[in-house]
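Worksheet: the structure to be examined is printed underneath.
The values are calculated or read from the model by the stated rules, or taken from the named source; none is laboratory data. What you see is a predicted model; the values in this text were computed from it and never measured. Here the Cβ positions follow ideal geometry from the backbone for every residue, glycine too, while neighbour counts run over all protein chains shown.
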Amino acid sequence: MLQSGDSLFRKPPFRNYWISRILASTSFQMLSVAIGWQMYDLTHDPFSLGLVGLAQFIPMVLLTFVVGQVADRFDRRRIVFLCQIIEGLIAGLLLYGNIGGWLGREQILVAAAILGTCRAFEGPTSAALLPQLVHKNVLQQAISLATTAGQTSQILGPMIGGLLFSLGASYVYSASAIALIVGAILTFMIRPEHEFVRKSEPVSFRSVFLGLEFIYRHPIILGTISLDLFAVLLGGATALLPIYAQDILHTGPWGLGLMRTAPAVGALLVSLILAYYPLKNNIGLKLFGALAVFGLATMLFAISTNLIVSLFALLLIGGSDVISVVIRSSLVQLQTPDEMRGRVNAVNSLFIGTSNQLGEFESGTMAGLMGTVPAAFIGGVGTIIVAGLWMYLFPSLRRIRSLSES
């Protein structure tokens, strides 16, 4: 029997998980804003600013297979708790260094690298922990609500971080440290409904890469994860928003702020709807339909010269993307046995992170070669082509009628 979002919130394990996720994700967004601003204030060097992002991204790539092994061998709740505690301590050290006047370029880069390392462990482990907190019949709603937490953090984090930074960087660091410690306490209080039974397999070269082998041997998971990689890779038009704001829509910074917020708002609204009205029938076709809407909305945004139309297109991009995210996340979780979820989610997180980073690079490169509007439009067309091709290459994914089949 399906439960509503309210029913899930009445369960302490999920409620603690959800609140902790909002606190941790919002704090990370706030810290990213503060670290970036402070780095540029200290150095006035765009290259140093780029190094901050690189320092956060590299650990995710290097530690993917280590993260999976750890998440499948140790208590996932304690891993997430430890990561949040370390992140809170880093925020505290940034506060101490800022007050003491010794916070410089090198210290910020080290802090960014440690935060990136913690996030590399926390993200996949947290995703693997969620199915232990709810019954599989309500996993789709739980994922929708978890996605809501993530989207809320993407909206609130930069906003709160920017407001607090206007008062001083110390306000951001202190607020983040407190939020992370509270989130860690809530995580520690979680008591999973389904205990994770670890298999005592020895650590070997094969066990490290078993997640990749498992994905390759299961067409639905392979199709789901690779679909995210290539669809997002081609549909990364949001990386071009500054160009649209300045040269095409002529709105300036305020318009850029609205356009950056619009996809997250669309995703937040749709994820809330899915939490209370979950997708039930023709799941495979709805997945590809959402990707088609994503591609069409990207094409509309590409050719728009009106801010209202552009915001509408960006709302559709965010809303259709979250439908795809919820379906894909649910399929990955339900198709993967609990003892493999850490390794599979680690690979999935790597694909998602890589697609976002490479998607921005691809959009910028294409815009430089052929112009902004053609690059964004072709990206939308490419997403639709990928959706059609994946429907042909992975018929089992297309034919899924309900999540209960998985």
Quiz prompt | Unmet criterion (only one of (1) assigned to a helix (DSSP H, G or I); (2) in contact with a helix residue (DSSP H, G or I) (Cβ under 7 Å, 6 or more places away or on another chain); (3) within 22 Å of VAL381 (Cβ to Cβ)) for GLY289 | solution = (2)
Quiz item: Under the condition of being buried (at least 19 other Cβ atoms within 10 Å of the Cβ) and not small (Gly, Ala, Ser), which residue from the range 262-278 is farthest from TRP18 (Cα to Cα)?
Solution: PRO263
Self-check item: Leading residue by the ranking (nearest to SER329 (Cα to Cα)) among those in the range 289-306 that are surrounded by fewer than 22 Cβ atoms within 10 Å (Cβ to Cβ) and not hydroxyl-bearing (Ser, Thr, Tyr)
Solution: GLY289
Quiz item: Would the range 182-197 turn up any residue that is within 30 Å of ALA387 (Cα to Cα) and at pLDDT below 80?
Solution: no
Self-check item: Residues (among the aliphatic types (A, V, I, L, M) and more than 16 Å from the chain's Cα centre (by Cα)) located in the range 8-30
Solution: LEU8, ILE19
